[in-house]
1. Pairs under 8 Å by beta carbon, first residue closer than 14 Å to residue 87 by Cβ in region 59-74, partner modelled with pLDDT under 70 and loosely packed, with under 10 Cβ neighbours inside 10 Å, six or more apart or different chains?
2. Which number in (1) modelled with pLDDT under 95; (2) surrounded by 10 or more Cβ atoms within 10 Å (Cβ to Cβ) marks the one condition that residue 53 misses?
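The values are calculated or read from the model by the stated rules, or taken from the named source; none is laboratory data. Keep in mind it's a predicted model, so treat the numbers as computed, not measured. Every residue, glycine among them, receives a Cβ derived from its backbone with ideal geometry; neighbour counts consider all protein chains shown.
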């Protein structure tokens with residue numbers, strides 16, 4: 001038998017108010033978001049397919065641009081009414 005403290009066995013004590021339950025709120029929200037995404041995809045399959053295609057195409061374009069751009073190039077873009085914006089690609 002385990003030792004008693006405050007009249008309750010050690011195995012029967014409550015963990016206290018600061019102990020989180022096994023499933024956290026963040027996990028529950030992530031699960032609900034996943035279910036909502038599934039419902040959205042089922043409700044609008046063509047729009048979901050178009051959005052997925054756009055995201056994949058954007059990712060492919062970004063990777064291609066990152067491979068082919070000269071990292072030391074400084075570029076300038078003139079924006080009418082705002083002036084000139086200078087940008088530089090750097091490796092992180």
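1. Listed pairs, sorted by first residue: 71/90; 71/91.
2. (1)
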